[in-house]
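Data block below; observations after.
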Amino acid sequence: MKKKNSKQSKQATQPKQSSEASQSKQSIQSEFSLLSIIISEYASLQCCIPPWRGICKIRRDDDCYDFAAYACTNQLEGEMFVEYDVTDIEVLIRSPSRLTKPEPAINQHKNKIKSHSSKNLTKTTEPRRRSESRHRKTLSSLKRMSLPNATEDLSSEMEVDAFRRLFPLRYFERHLAESIRPDGRPLKEARETSIFLGAVASANGSALVKIGSTTMLTAIKMEVMTPSLESPDEGCLAIDFHMPSICSPIVRPGRPAEAEPVLSKQLSDTISSSGMIDLKELSLVGGKAAWMAYLDIYCLDADGALFDAALLSAVASLSHLQIPAVAMNDDGKIVLMSEEDGQKQTTEQVNKEKRKLTLKSIPLSLTCILHKNYILADPTAEEESIIETHVTIVLDTSGQLISLYKPGGPVLAFTSAIQDCVALTRQRVKELKSFLDQANSAMEVE
Amino acid sequence: MAGKSATPATYSPSPTTGKTKSTLLKENWIRPDARGFHQCRPAFFRTGAVNAASGSAYAEFGNTKVIVSVFGPRESKKAMLYSDSGRLNCNVSYTTFSTPVRGQGSDHKEYSSMLHKALEGAIILESFPKTTVDVFALVLESSGSDLPVVISVASLALADAGILMYDLVAAVSVSCIGKSLVIDPISEEENCQDGSLMITCMPSRYEITQLTVTGEWSTPKINEGMQLCLDACAKLAKIMRSCLKESASDAQDESS
């Protein structure tokens, strides 16, 4: 890189570049110089440069590093000037030579996923060097770093990573064309799922659920309340979803994530409308005391499909919930019965034994993302960030539709797509139900 | 509360802990979990608990369960002035179900600042100028000695994230109850303690990053307590180090 303060040099080369651009309008992708693509892509990546201008204003350090990494790995030719002013860094680029755009060989990449070795990933770009006469100065420092025979494996590895960061959508679509996803899954397959009941010792019911690396920890604490006048013989279930700052780089302390209240509401709507729990079962003394079940879901690791994991963990913790044995003392307060002093006190037993709730129907869900004609089940956070159309379908174990969310997104969900999603969800619900049964029977054995 | 405009006042049916104080003040008392006075709870560490973070660690000390994520080094907040050395940002919060009686699950400001001060001296801040490293801790279940556990786990998470440090930071506390000193106290013991002492140190350098003493202490008691803590810290650091080595060798196995 070279520091330069005058901007004259860039103007000298710009007319030529734009004439080149007009010649190759029809085959923009293959004929534009690689740099122009980078720059226009950068424009779409919220960098404040108009496409094809040759100036890249870099606002954040990250942008600069991304750009430098990309320039290195693709062996850009030309000059690069970095201009410092007080606030921003401006990078002025002239690219006299044309290069083909990178073609990450998808088949090779697929092999890589399967064999977990980076050796198949050899050079994915063959920069074609043209107009050597205009190739006056090269990015000497940058270029030296990326000389082909220096670190062959490393540079090609970086290339895929840089491509992934800079052109996420294109990277993703290349995979889709091959019917595989960046993490090696087929399109309609959900990630590995595990349920562990009783994770929180001090709670009345708890569950730890993992879908891929998305992790949810749910605990239920039972407290006593005076039931409302409208429903004197009913208890209450309060569902709260929390995203603490440990779960994702996006969440900062003091600024709760937007998803928090949205998911809380969706979850309590889903569970109350599914008729899973009869609130009358939470009653203790009609009109005087009833259970208030606080169900708190903590997201410990956020990697997509948060609603599915949260619902599964809520349902699992409810299936694990044991209502404690309590008695009413002389003051009319409900107290726990402990083994030693349960008998001797003259208390009125309200709930004689520990008992479980009867769960009528169990709601379970699957989130799909729609992109063009593709349907992808159980998206990761990366996939969710690239594609905005989500469809979440909640079914109960008998296959009844409980709710369906399609919050906006550019792709219209056609009837056939929705039907496909429902069919996928039906399969997934069966799978989840069997996981849940396994976890519950494992608890009973203990 | 989700979906409820007015939450009715509720109470927990579990009895309030009043009797423990008296049992602990007897002459020949034993600890509620039957440990020796100078015996720590079994410690379990695991790194790489949160994939979304640059580094993370999880630990269980008896029933105290803590998870710590480290993010960064990443861009400092816009409002921050230019700085040649890196910044450290710490936050400690509790889950609503961490305590026996359901709490609010809010941030713990005091612990956040103490965590910051305990770690600050151990991190080579010059290695990441202009940027910030965020250390976020969540106490999943609290059952005594929360802060020392949080500090130890946080230093492990920092190591997992590849942040340069002079040494791991291990932290241990002792409580003074009557005439006896108990190490690594649980909540019941903390509730009736006469004084407490916490040391966070870098054992291989034999340097102390933080020392807090509260309550009533005599000079010989302080000396005894400090020696107990330092010994325990050295042992704790060994366990932490072996946990790091394990995860590093696992990573090597996978790549080869």
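Among the residues of region B:57-87, write down those that are farther than 18 Å from residue B:140 by Cβ and open to solvent by 50 Å² or more (accessible area, probe 1.4 Å). If the condition is that a residue be farther than 18 Å from residue B:140 by Cβ and open to solvent by 50 Å² or more (accessible area, probe 1.4 Å), then B:73, B:75, B:77, B:78, B:79, B:80, B:81, B:82, B:84, B:87 are the ones that fit.
Name the strands (runs of 3 or more DSSP E) wholly within region B:29-112 that hold at least 3 residues that are within 13 Å of chain A (Cβ to nearest Cβ)?
Here the list reads B:55-61, B:64-75, B:87-94.
Look at (1) among the aliphatic types (A, V, I, L, M); (2) at pLDDT 85 or above; (3) open to solvent by less than 30 Å² (accessible area, probe 1.4 Å) and you find that residue A:279 fails only one, number (3).
Considering region A:229-241, and only residues there that are more than 7 Å from chain B (Cβ to nearest Cβ) and not aliphatic (A, V, I, L, M), the residue that is most open to solvent (accessible area, probe 1.4 Å) turns out to be A:230.
Restricting attention to region B:113-124, the residues being outside any loop (DSSP other than H, G, I, E, B) and crowded, with 20+ Cβ neighbours inside 10 Å number 5. Consider region A:290-331 and keep the residues that are charged (D, E, K, R) and either in a loop (DSSP other than H, G, I, E, B) or out of contact with any strand residue (DSSP E or B) (no Cβ under 6 Å at 6 or more places or on another chain) (or both). The one that is least open to solvent (accessible area, probe 1.4 Å) is A:303. Yes or no: region A:244-258 includes at least one residue that is in contact with a helix residue (DSSP H, G or I) (Cβ under 7 Å, 6 or more places away or on another chain) and in the same structural domain as residue A:295 (by TED's automatic domain parsing). No, region A:244-258 has no match at all.
Does residue A:267 meet the test of being among the hydrophobic types (A, V, I, L, M, F, W, C), facing chain B (nearest Cβ under 9 Å), in contact with a strand residue (DSSP E or B) (Cβ under 6 Å, 6 or more places away or on another chain) and buried (at least 21 other Cβ atoms within 10 Å of the Cβ)? Judged against the criteria, residue A:267 is a match. Is it the case that region A:198-205 has a residue that's open to solvent by 10 Å² or more (accessible area, probe 1.4 Å) and not in a loop (DSSP other than H, G, I, E, B)? Among the residues of region A:198-205, not one is open to solvent by 10 Å² or more (accessible area, probe 1.4 Å) and not in a loop (DSSP other than H, G, I, E, B), which makes the answer no.
Can you go through A:215, A:226 and tell me which one is touching a residue at least 40 places away in the same chain (Cβ under 8 Å), open to solvent by 40 Å² or more (accessible area, probe 1.4 Å) and within 9 Å of chain B (Cβ to nearest Cβ)? Residue meeting the stated conditions: A:226. Figure legend. Inter-residue proximity from region B:126-145: first residues more than 8 Å from chain A (Cβ to nearest Cβ) and without any contact (Cβ under 8 Å) to a residue 60 or more places away in the chain, second residues open to solvent by less than 20 Å² (accessible area, probe 1.4 Å) and of a type in the set (A, V, I, L, M, F, W, C), beta-carbon distance below 9 Å, spacing 6+ or different chains. Indicated pairs: B:127/B:163; B:128/B:163. For region A:342-384, a residue qualifies if it is among the polar types (S, T, N, Q), within 22 Å of residue A:319 (Cβ to Cβ), open to solvent by 10 Å² or more (accessible area, probe 1.4 Å) and at pLDDT 75 or above, and the qualifying residues are A:358, A:361. Being open to solvent by 20 Å² or more (accessible area, probe 1.4 Å) and over 25 Å from residue A:216 (Cα atoms) holds for only one residue in B:143, B:54, B:106, B:127, and it is B:127. Using the structure shown, decide if residue A:195 is crowded, with 21+ Cβ neighbours inside 10 Å, assigned to a loop (DSSP other than H, G, I, E, B) and not acidic (Asp, Glu). No; evaluated as a whole, the condition is false for this residue. Only residues that are over 20 Å from residue B:154 (Cβ atoms) and either of a type in the set (Asp, Glu) or open to solvent by less than 40 Å² (accessible area, probe 1.4 Å) (or both) were counted across region A:244-259, and they come to 3. Remark: residue B:242 falls outside the filter, which requires a residue to be at pLDDT below 90 and out of contact with any helix residue (DSSP H, G or I) (no Cβ under 9 Å at 6 or more places or on another chain).
The values are calculated or read from the model by the stated rules, or taken from the named source; none is laboratory data. This structure is a prediction, so every number in the text was calculated from the model and none was measured. Backbone-built Cβ (ideal geometry, glycine too); neighbour counts: all protein chains shown. Just so you know, the surface numbers come from the protein's heavy atoms only, side chains and all, with ligands and any DNA or RNA stripped out. Shrake-Rupley method; radii C 1.70, N 1.55, O 1.52, S 1.80 Å.
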